[in-house]
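Enquirer: Sharing a structure below in structure tokens format, with a few things to ask.
The values are calculated or read from the model by the stated rules, or taken from the named source; none is laboratory data. All values derive from a computational prediction rather than experimental measurement. Here the Cβ positions follow ideal geometry from the backbone for every residue, glycine too, while neighbour counts run over all protein chains shown. In case anyone asks, the SASA skips ligands and DNA or RNA and just uses the protein heavy atoms, side chains included. Shrake-Rupley method; radii C 1.70, N 1.55, O 1.52, S 1.80 Å.
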Amino acid sequence: MTPAKKLLSYSYYPGCSLHASAKEYDESTRGLFKALGIGLKEVPDWLCCGATPAHNVDELLSLSLCAKNLSLAEGVEGDLAVACAACFSRLKVTQHHLADNETKRKQVEYAIAGAVNLQKPVKHLLEILAKDFGLDRLTEAVQKPLSGLKVACYYGCLLTRPPEVPELDCVEAPTIMERVIGAVGAETVRWSHRMECCGANFTLSRPGVVLKLSGSILDSAKAAGADCLMVACPLCHGNLDIRQKEIEEATGERFGMPVFYMTQLLALAVGVAPGKLGFDSMIVNPLPLLKEKGLV
Amino acid sequence: MSRIGVFVCHCGENIARTVDVEKVAAEAARLPGVAYATDYKYMCSDPGQNLLKNAVAEHRLDGIVVAACSPRMHEKTFRNAAKSAGLNPFLCEMANIREHCSWVHEDRDEATAKASDIVAMMVARVKKDKRLVPITVPVTKRALVIGGGIAGIQAALDIADAGHQVVLVEREPSIGGHMAQLSETFPTLDCSQCIMTPKMVDAANHPNITLHTYSEIESVDGYIGNFQITVRKKARSVIEEKCTGCGVCSAKCPQKKIPNAFDKNLGTRPAIYVPFPQAVPNTPVIDRANCTWFKTGKCGVCQKVCGPGAIDYEQEDRLIVEPVGAIVVATGFELYSITEKPKGSPIKGYGEFGHGTIPDVIDGLTFERLASASGPTGGKILRPSDGREPKQVVFVQCVGSRAREKGISYCSKICCMYTAKHTMLYKHKVHDGQAYVFFMDARTPGKSYDEFWRRAIEEEEAVYIRGMVSRLYQKGDKIVVMGSDVHVGVQVEIEADLVVLATAVQPRAGADTLAQKLGISYDSYHFYSEAHAKLKPVECATAGIYLAGACQGPKDIPDTVSQASAAAAKVMTLFAKDELEREPIVAKVNEKNCVACLYCKKVCPYGAVEEKEIRDRQGNLIRVVAYVNPGVCGGCGTCQASCPSKSVELDGYTDEQIMAMIEAL
Ligand SMILES: Cc1cc2nc3c(=O)[nH]c(=O)nc-3n(C[C@H](O)[C@H](O)[C@H](O)COP(=O)(O)OP(=O)(O)OC[C@H]3O[C@@H](n4cnc5c(N)ncnc54)[C@H](O)[C@@H]3O)c2cc1C
Ligand code: SF4
Ligand code: SF4
């Protein structure tokens, strides 16, 4: 008799972007988890984590926002699933930082009028899929293998950093994205700019910087022969997808490189209907590529 | 009634700053049995010692307590003074009121009270001290040197030249260590082979040196003057006495494609090989893991072609016991690698540099092999990937060193200098090439060192960029080096043909295991620890064991050779005497009480406890008791603490003395 497969269920912190500019990340996450039979329950009344701006302005504010979210999550069963790389990093940093700084922890507890939940395991979707669910089971669930699709996995700055904190994978040379998307049949390319910064929140204040940094990311993915990029962060997505045209104008180079959220590709592979994956809200239209590969 | 003298030392201000020394002396004077008590600024100085000697005569003292620093520092000094005043030296004890009191407390009143307590305890103990006579043990005037790099060779030659026998044990098939791999050496650029190989030959031919290569230390027993070393001579599969070193076997061996570790895997070697042409001894060894005969039972070519019949496939490891009196440890270093490290390891690799997967990103030793006239390229600087001559070479310093976040905080000391050397060697060979160096600081203290570094910049036109490198990646056939120039405040990108990393100097893997066999201590990185950072830099805390070379910390050749000669001098000092005096602080068994449970035998870390048979006049066995061999006993007292019948006691630390000390509190 084979032991019954463990039913997985998580509390879920989508973060602001997933309710706004990154709706397709949220939709595809829910679709994917449903298809895989993994429970996902949104934390009620969650607030913004402060992302990258808050901790540059006021550390206490940034820690308190995350601490508040962690204490709200306490009411929902299951480890806390996070999709956005920035939210993930901030929540982890908060736990890490407050665990060995009693003075700050007291200040934060005063600010949020309650205890900080340092114990709740905070997990990125990648970790849930690769470790809790398992790559073998992911492969078993595939209905439409992504074979022939050449994907450049883009980690950005925050998924594995700062060192010692997220402990998702090797800080400078991770492979978790490649392993996860490889499990559903996609081909991954070896390329140089997986870990470079895209310019993140300079997108409004110093767009020139973003054009240069994101430009070299697109450039190197193209040089490596990728059909598309795969990301796990709405900020990266914004710079690489929304600004791609602008980058093309500035550099005079044409990329036409669709930028997918990881969950969009995974959900497609496990049989979620393409219409439910928000492909139409992407700026660089992915449909020609997906059609060419016979995926839609 | 005893007549004890108490001498309270100020240690300049070290003690007097926090302890009221006059008060301690006054209180000591009131203790029963104390005939005289005083204080003095520096008890260890000449006038201080004279004060003690005169007081012995004047006040007819029969015991002494010097309240000063740790006995590890000056017990010997004061016992010698007591001896010259005609007292048995073991009737002189130290009360440690510095390390145990003044240095660790702030409150003057409390520290003073504690100092008085410590003095009172030692007075109680000294009253029950017995006159002890030092034990003498013979010295085996033969030395063991572990490791045949430049450190081990130098130490062995010095000791052997002084007329003593030396056993030199080297793990690899040849002696030579890293120096045999180097091309030319800073600060004079003389060829390493030219200065190293003659020394290797001298060591092998010296009538006083027994060389065991391809050998390791199996176990170590005994103590200073009387060690028993078991050496494991690994099976070479070649009979050393018969082999003439003609090399026919290597030439005919069909297995030709095994990466040669000596050449940092740039070249290949056969299964039966000497690591490099100038190897000493010039006797090949069969690498059994890669030999067809050992893998499939077929081949046997080398045996067929070997004229003198030196090949022996049946050879087994041999254990050889070598009695020696002193040990020099000279096991050297290895280079840190940027490859991925096991999860949880305190030392991290460099994913940002590709974890060692970019073929034209090499380390300093690989560059030495490329630049070496006897190396795999005959001294041409060629890229490992495609054999082309690189025109832009980037050198990166401090890789793994001075990087707390990567797990190593120390400076590797030699890489600033060898990187400067590498830029010069490169320029000498590739005239139209350009060398760049990313560096944090240039650390060039040493005779003619800074001049050497300046020469690299001013005459050989190396471009030094102050800043760190954040990433290396392959782009086409170039390696993109992304770094910062902190002087100009800009980010720099260089497209290089070859990148050379000056990686950290680390102790050999397994250095800790050897240390445990030897009973010597090591630091958190596994570098061996000297007994005192300033005053005993070549001695281990374990008597009779000395350190030489990079196993104690990163070192260049001049430092290594100096330390090796210093270690040799220490060995010769030891061998200058026929007998060694040992402290008589050893355990004695009360044979009347001993019930021969032999619990002490189980717990003794020195293996000093034996069984002794007690027989009557007719020779009939009456009883068995425990017996402690005073030559082996280390005086740790473990047996005393564990004996259920209280039948074994340490001289100078009897139960009665310890109880008296507690009662004095
Ligand atoms: C790239 C590079 C360039 C350098 N260039 C210079 C230079 O130009 N000038 C300069 O002054 N210095 C230079 N150095 C430094 C020099 O190499 C060292 O100072 C020197 O090699 C230290 O000698 P050693 O005998 O202590 O150690 P090693 O050379 O490491 O020798 C140790 C020996 O012990 C053996 N051994 C290890 N463990 C055991 C064991 N358990 N049992 C038996 N044997 C064992 C090893 O096999 C080896 O033969 C350079 C170093 C590097 C890495
Ligand atoms: S027996 Fe082994 S070492 Fe000898 S020639 Fe054959 S492969 Fe080489
Ligand atoms: S010697 Fe120079 S390169 Fe080496 S670790 Fe020290 S500072 Fe860095």
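Enquirer: Can you tell me which of A:Cys16, A:Cys153, A:Cys87 moves the most in a GNM of chain A? Springs connect C-alpha atoms under 10 Å apart.
Expert: A:Cys16
Enquirer: Return the carbon/sulfur percentage of the accessible area of the stretch A:232-294, one whole number, probe 1.4 Å, all protein chains in place.
Expert: 53 percent
Enquirer: Please work out the C-alpha center-to-center distance from the stretch B:22-96 to the stretch A:74-116 and express it in whole Å.
Expert: If we compute the Cα centre of each part, the gap is 62 Å.
Enquirer: Taking amide H atoms as placed 1.01 Å from N in the peptide plane, list the residues 5 or more away in sequence, or in a different chain, whose amide H sits under 5 Å from that of B:Gly33.
Expert: Long-range HN contacts for B:Gly33: none found.
Enquirer: Can I ask one more? Rank B:Phe186, B:Met482, B:Pro384 by how far each Cα sits towards the positive end of the charge dipole of the protein assembly as shown (+1 on Lys, Arg Cβ; -1 on Asp, Glu Cβ) and give me just the farthest.
Expert: After comparing all options, I get B:Pro384.
Enquirer: Now a separate question. Relative contact order of chain B, please, whole-number percent, based on alpha carbon pairs below 8 angstrom and at least 6 residues apart.
Expert: 13 percent
Enquirer: Another question, then. Partner chain Cβ atoms within 10 Å, averaged over the residues of A:156-166 - can you pull that number for me?
Expert: 1
Enquirer: Hey, how many Å between the Cα centroid of the stretch B:179-235 and the Cα centroid of the stretch A:158-201?
Expert: That distance is 47 Å.
Enquirer: Using a cut-off of 10 Å between beta-carbons, work out the net charge of the residues near B:Ala326 (Lys and Arg +1, Asp and Glu -1, B:Ala326 not included).
Expert: +3
Enquirer: Once amide H atoms are placed 1.01 Å from N in the peptide plane, what residues at a sequence separation of 5 or more from A:Ala186, or on another chain, have their amide H within under 5 Å of its amide H?
Expert: A:Leu146
Enquirer: Taking the 0 to 90 degree range and rounding to the nearest ten, how far is the long axis of helix B:449-458 tilted relative to the main principal axis of chain B, both from C-alpha atoms?
Expert: Relative to chain B, helix B:449-458 is tipped by roughly 20 degrees.
Enquirer: With θ set to phi - 60°, apply the Karplus curve 6.51 cos²θ - 1.76 cosθ + 1.60 along the stretch A:147-156 and write out the HN-Hα couplings as whole Hz, x wherever there is a Gly or Pro.
Expert: 4, x, 8, 9, 10, 9, 7, 10, 8, x
Enquirer: Just to check I understand the Karplus step: with θ = phi - 60° and J = 6.51 cos²θ - 1.76 cosθ + 1.60, what whole-Hz values come out for the stretch B:232-237, glycine and proline as x?
Expert: Each residue of the stretch B:232-237 in turn: 9, 8, 5, 5, 7, 6 Hz.
Enquirer: Under a 5 Å amide H to amide H cut-off, with H placed in plane at 1.01 Å, what residues pair with A:Gly50 once short-range neighbours are removed?
Expert: Counting only residues 5 or more places away or on other chains, the set is empty.
Enquirer: Once you sort the root eigenvalues of the Cα gyration tensor of the stretch B:334-506 as a ≥ b ≥ c, which label holds: rounded (a/c under 1.5), prolate (a/b larger than b/c) or oblate (the other case)?
Expert: Rounded is the answer for the stretch B:334-506, as its axis ratio a/c remains below 1.5.
Enquirer: If you line up the long axis of helix B:557-575 against the longest principal axis of chain B, both from Cα atoms, how many degrees apart are they, to the nearest 10?
Expert: Long axis of B:557-575 versus the principal axis of chain B: about 40 degrees.
Enquirer: Rounded, prolate or oblate for chain A? Axes are the square roots of the Cα gyration tensor eigenvalues, ordered a ≥ b ≥ c, and the cut-off for rounded is a/c under 1.5.
Expert: Oblate.
Enquirer: Can you give the relative contact order of the stretch B:4-128 as a percent, counting alpha carbon pairs under 8 Å and 6+ residues apart?
Expert: Relative contact order for the stretch B:4-128 comes out at 32 percent.
Enquirer: On to the next question. Would you mind counting up the charge near A:Phe88? Only other residues with Cβ under 14 Å from its Cβ, with Lys and Arg at +1 and Asp and Glu at -1.
Expert: So the environment of A:Phe88 carries a net charge of +1.
Enquirer: How far is the Cα center of the stretch B:333-378 from the Cα center of the stretch B:470-536, in Å?
Expert: Each part's Cα centre sits 10 Å from the other's.
Enquirer: Take B:Lys242, A:Lys293 and sort them by solvent-accessible surface of the protein heavy atoms, 1.4 Å probe, largest at the top.
Expert: B:Lys242, A:Lys293
Enquirer: Also: Please name which of B:Leu266, B:His59, B:Pro554 has its Cα lying farthest along the dipole of the protein assembly as shown towards the positive end, using unit charges on Cβ (Lys, Arg +1; Asp, Glu -1) and the Cα centre as origin.
Expert: Going by the charge dipole, the pick is B:Leu266.
Enquirer: Can you give me the accessible area per residue for the protein assembly as shown, using a 1.4 Å probe, in Å²?
Expert: Heavy-atom accessible area per residue stands at 44 Å².
Enquirer: Next up: Of chain A, which part is the longest with no GluC sites (Glu not before Pro) in a loop (DSSP not H, G, I, E, B) and with at most 11 other C-beta atoms within 10 angstrom?
Expert: Answer - A:165-296.
Enquirer: Net charge around B:Ala596, counting only other residues with Cβ within less than 11 Å of its Cβ (Lys, Arg = +1; Asp, Glu = -1)?
Expert: Its environment carries a net charge of 0.
Enquirer: Over the residues of the protein assembly as shown, compute the C-alpha Rg and express it relative to 2.2 N^0.38 Å.
Expert: The value comes to 1.21.
Enquirer: Once the dipole of the stretch A:9-124 is set up with Lys and Arg at +1 and Asp and Glu at -1 on Cβ about the Cα centre, which of A:Ala73, A:Ile112, A:Ser28 lies farthest towards its positive end?
Expert: Most positive-ward Cα: A:Ser28.
Enquirer: Per-residue ellipticity at 222 nm for chain B, helices alone: DSSP H runs ≥ 4 residues times -39500 (n - 2.57), over residue total, nearest 500 deg cm²/dmol?
Expert: When only DSSP H runs of four or more count, the value is -8000 deg cm²/dmol.
Enquirer: With the cut-off at 1.5 for a/c, could you classify the stretch A:143-292 from its C-alpha gyration tensor as rounded, prolate or oblate?
Expert: oblate
Enquirer: Turning to a different aspect of this structure: Could you state the angle between the C-alpha long axis of helix B:108-127 and the longest principal axis of the C-alpha atoms of chain B, as a value from 0 to 90 degrees rounded to the nearest 10?
Expert: 70 degrees
Enquirer: Taking only Cα atoms and a 10 Å spring cutoff, compute GNM fluctuations for chain A and point out the largest among A:His124, A:His237, A:His55.
Expert: A:His55
Enquirer: Give me a single rounded figure for B:344-352: the average over its residues of other chain Cβ atoms within 10 Å of their Cβ.
Expert: The per-residue average across the peptide is 3.
Enquirer: Here is a further query. Run the dipole for the protein assembly as shown about the Cα centre, Lys and Arg Cβ at +1, Asp and Glu Cβ at -1, nothing else charged, and hand back the magnitude in debye, nearest 20.
Expert: 1620 debye
Enquirer: Could you go through the stretch A:280-293 in sequence order and give the Karplus-derived ³J(HN,Hα) for each residue, using 6.51 cos²θ - 1.76 cosθ + 1.60 with θ = phi - 60°, rounded to whole Hz, and x for Gly and Pro?
Expert: Per-residue couplings from phi come out as 6, 8, 7, 6, 7, 5, x, 4, x, 5, 5, 5, 4, 8 Hz.
Enquirer: Taking a probe of 1.4 Å and counting only protein heavy atoms, give the total accessible area buried between chains A and B in Å², rounded to the nearest 100.
Expert: Using a 1.4 Å probe on protein heavy atoms, the buried area is about 800 Å².
Enquirer: Which residues, if any, in the stretch B:475-515 lose at least 20 square angstrom of accessible heavy-atom surface (probe 1.4 Å) when the other protein chains sit next to their chain rather than the chain being alone?
Expert: SASA drop of 20 Å² or more in the stretch B:475-515: B:Met482.
Enquirer: Using a 1.4 Å probe on the protein chains only, how many percent of the accessible area of chain B belongs to carbon and sulfur?
Expert: Here it works out to 51 percent.
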